[in-house]
């Protein structure tokens, strides 16, 4: 090869090498809606095996390795099957729990794809912060009340059993055993989130209008949204309260009407939205706590969850409790 | 009052148990080891029959992977070695035509989300199913051969033998009518199923199901499953066609297709 | 001369068709389709009775005029609902026990088209790829599939909606409705063969003309139509509020199963 062609070849090779070195690390840019906002639209799911709080034996470990995540998922799936075993105790919460075995759940077979060991990311220990003394008192009273009056009437049952609100509608939108499906629609001036359970639609204005008056309380609260760069921030106040808590009586995360939720939606890829929600309830918790989970794209539509229309469970729970009281009263004689 | 305190104590106990239990999706942060302690004591030595074999008798729970889609019972990374005609048929089938939805048998190895029971005797092992229909399978342990040219049936003809601690069940003579799962995977009358059951622990039944159907799949393949032992409950009578509310509401195609 | 020109100009304007003037005022999406975004509501008594009706007493004496049936001009084209003979008897029986039997009393989902003319606002949320309607009543909601039409996997209370544009009219084909809803408080009902075709035609910036064709060969001898305007809510900062009426029906549904009867208000 002549010196000239060698030089040309070398120059080309060098150019290619420089060009490769200069190509930036690939970051994903979201497509935009007609209004120029990042496009979050579509159907999404937050089904996950990752627990809300970091288990004590994983203290200090914020992320799994790939192998550890796979092992954790396998163990959790097996556990979910076995947990349906009757332990012989027949407490009121337990009865409903044992109505389901693992076949009925749809938590998927994976933890969050960030491989975090808990949904709670702040505080950094992955655990819900301690309650204030007032919070602990409210929590204990609520649970004592539930234990003493598990089913005097429908108001004694959790909001989900009454078909009023499920934890996966929230806000914050927490993964549930099933129907963890959401649809996001972006129309001029609004972002709308429909949660499949119970066809709960949050129409969130983006125009900076004030919240509803503070005496107006709603189960989903009152949401206002804004964009911070590529992140949708939704601020929700005006929560209604009953002592059954919006997360259900047996769940972690007790809150009252002073709850203030801040959600952040950031689309990081064609199939992923990172969802963060900060739970700030100063009467209950000594400090705010934040969960992070992923919303994964689905191609299926939302199905209708006509909860109240088919709520045979409530009839069963109340009449069953009345029957047990009758039996107990007859025995007492 | 004593009753209230009892209920309160029970509730708080179940509340504690609730952390990380199946219906608490959040897990609660209870240590996994702690959860194992809280579980009822269904671990223990495997019972043995008089002739020294493991006794598989017991009430067992379902394995979800044998309900929705048998692909999920493959080893991780494996795909179902299904022939194109069968994959196409599975796509086209509509849930309302699923025999299972119409209270016809689910066949083998499909499960329903209900308990099932094994009753083991030296010469005959019987599987009793609460659902999808209230029926049974017989596994003949007396050394008999399969009949020549048996009439094709929903559950086939099963013979079994022990290989060490493993019960090996061989079944042929299936008809082609049942669907393997909700995902509507089909099969032909060439279907030949080998099941291997092991009870490594009092509370656990492991099984491997090898499906060999050259009419539907390009090679035999194995599905892996397990069932937990159920205690303090019993098979409930389930007469599927007495009150089949669901099938009239299934109007169209599964949207996953 | 100026005056003559002005007169000519005015005459010219007068000949531009009204339709073209109207069409140019309808808000539009970037792709040129009508922009139906907004909060809408009907102003009629169709939810009481689709046909023209006189006033009637409230079923609960204590509610007096508050819950009396108001009179109203009907929304049915021809004012006739063509029930088949057996179905007509069912309608009569429904009417006789309407308070107890009307699914609305129990806060059940209203179905289509009743959701449109219930006396509460609804919001249309329209983007390039999605069209969702959120109703204030019971948080009912519908997704209108604007892509290739799909069949419903199961039946449902609010049905399965496939939509497309015919000029400036949004045509929504609704199937997969169950048989559990009523058309109004007067006992007008249907079977699970119900097929509804809705037409939403904007006629001004703030009005949509709504028409629904009801086709149910098990109940009616022929298809029939209802039509009414949808009016845009113009209040600043209006929002749908949460009307989870389930709470308001618990005493009705479960009161007899309480441990202690609820104290009468």
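Annotations
- Residues that are within 17 Å of residue C:168 (Cα to Cα) and either part of a strand (DSSP E or B) or modelled with pLDDT under 95 (or both), drawn from region C:203-226: C:203, C:204, C:207, C:208, C:209, C:210, C:211, C:212
- Filter pass, residue B:55 being within 28 Å of residue B:145 (Cα to Cα), modelled with pLDDT of 95 or more and more than 16 Å from the chain's Cα centre (by Cα): yes
- Residue A:201 being free of Cβ contacts under 8 Å to residues at least 12 places away in the same chain, within 13 Å of chain C (Cβ to nearest Cβ), buried (at least 23 other Cβ atoms within 10 Å of the Cβ) and assigned to a strand (DSSP E or B): yes
- Scanning region A:236-248 for residues that are assigned to a strand (DSSP E or B) and under 16 Å from the mean Cα position of the chain (by Cα) yields a total of 1.
- Extreme residue, nearest to the chain's Cα centre (by Cα), among residues of region A:98-126 that are farther than 29 Å from residue B:69 by Cα and part of a strand (DSSP E or B): A:120
- Any hit, region B:84-95, residues being within 11 Å of another protein chain (Cβ to nearest Cβ), assigned to a loop (DSSP other than H, G, I, E, B), more than 24 Å from residue B:218 (Cβ to Cβ) and at pLDDT below 95: yes
- For the residues A:285, A:305, the requirement of being more than 10 Å from chain C (Cβ to nearest Cβ), surrounded by 20 or more Cβ atoms within 10 Å (Cβ to Cβ) and under 30 Å from residue A:108 (Cβ atoms) singles out A:285.
- Strands (runs of 3 or more DSSP E) contained in region B:101-220 and holding at least 3 residues free of Cβ contacts under 8 Å to residues at least 60 places away in the same chain and more than 19 Å from residue B:73 (Cα to Cα): B:124-129, B:135-140, B:157-163, B:166-172
- Among residues that are more than 25 Å from residue B:69 (Cβ to Cβ) and within 14 Å of chain A (Cβ to nearest Cβ), residue B:200 is included.
- Among the residues of region C:91-105, the ones that are farther than 23 Å from residue C:160 by Cβ and either in contact with a helix residue (DSSP H, G or I) (Cβ under 8 Å, 6 or more places away or on another chain) or within 14 Å of another protein chain (Cβ to nearest Cβ) (or both) come to 5 in all.
- All of (1) buried (at least 22 other Cβ atoms within 10 Å of the Cβ); (2) under 17 Å from the mean Cα position of the chain (by Cα); (3) within 8 Å of chain C (Cβ to nearest Cβ); (4) modelled with pLDDT of 95 or more hold for residue A:187 with one exception: (2).
- Test: residue in region C:175-195 that is surrounded by fewer than 16 Cβ atoms within 10 Å (Cβ to Cβ), more than 14 Å from chain A (Cβ to nearest Cβ), assigned to a loop (DSSP other than H, G, I, E, B) and touching a helix residue (DSSP H, G or I) at 6+ places or on another chain (Cβ under 6 Å): no
- Inter-residue pairs, beta-carbon under 8 Å, first more than 8 Å from every other protein chain (Cβ to nearest Cβ) and buried (at least 22 other Cβ atoms within 10 Å of the Cβ) and in region A:37-61, second in a helix (DSSP H, G or I) and modelled with pLDDT under 95, 6+ apart: A:49/A:72; A:49/A:73; A:49/A:76; A:49/A:77
- In region B:84-98, the residues that are out of contact with any strand residue (DSSP E or B) (no Cβ under 6 Å at 6 or more places or on another chain) and either surrounded by 17 or more Cβ atoms within 10 Å (Cβ to Cβ) or at positive phi (or both): B:86, B:90, B:93, B:98
- When the test is whether a residue is at pLDDT 80 or above, surrounded by fewer than 17 Cβ atoms within 10 Å (Cβ to Cβ) and not in a strand (DSSP E or B), residue A:86 does not pass it.
- Residue C:151 satisfies every condition listed in (1) part of a strand (DSSP E or B); (2) surrounded by fewer than 16 Cβ atoms within 10 Å (Cβ to Cβ); (3) within 9 Å of another protein chain (Cβ to nearest Cβ) except (1).
- Residue within region B:70-81 that is more than 24 Å from the chain's Cα centre (by Cα) and at pLDDT 50 or above present: no
- Flag if residue C:241 is within 11 Å of another protein chain (Cβ to nearest Cβ) and either more than 15 Å from residue C:122 (Cα to Cα) or in contact with a strand residue (DSSP E or B) (Cβ under 8 Å, 6 or more places away or on another chain) (or both): yes
- Test result for residue A:129, part of a loop (DSSP other than H, G, I, E, B), surrounded by fewer than 19 Cβ atoms within 10 Å (Cβ to Cβ) and either away from every other protein chain (no Cβ under 11 Å) or at positive phi (or both): yes
- Residue count for region B:49-68 satisfying the condition of being surrounded by 12 or more Cβ atoms within 10 Å (Cβ to Cβ) and away from every other protein chain (no Cβ under 11 Å): 7.
- Flag if residue B:226 is closer than 22 Å to residue B:100 by Cα and in a strand (DSSP E or B): yes
- Filtered by the rule that a residue be out of contact with any helix residue (DSSP H, G or I) (no Cβ under 9 Å at 6 or more places or on another chain), under 15 Å from residue B:61 (Cα atoms) and surrounded by fewer than 19 Cβ atoms within 10 Å (Cβ to Cβ), region B:101-146 gives B:117, B:119, B:128.
- Within region A:148-177, considering residues that are touching a residue at least 12 places away in the same chain (Cβ under 8 Å) and within 9 Å of chain B (Cβ to nearest Cβ), the one surrounded by the fewest Cβ atoms within 10 Å (Cβ to Cβ): A:177
The values are calculated or read from the model by the stated rules, or taken from the named source; none is laboratory data. Treat the numbers as computed from the prediction; the structure is a model and nothing was measured. Quick reminder, even Gly has a Cβ in these numbers, built from the backbone with ideal geometry, and neighbours come from all protein chains shown.
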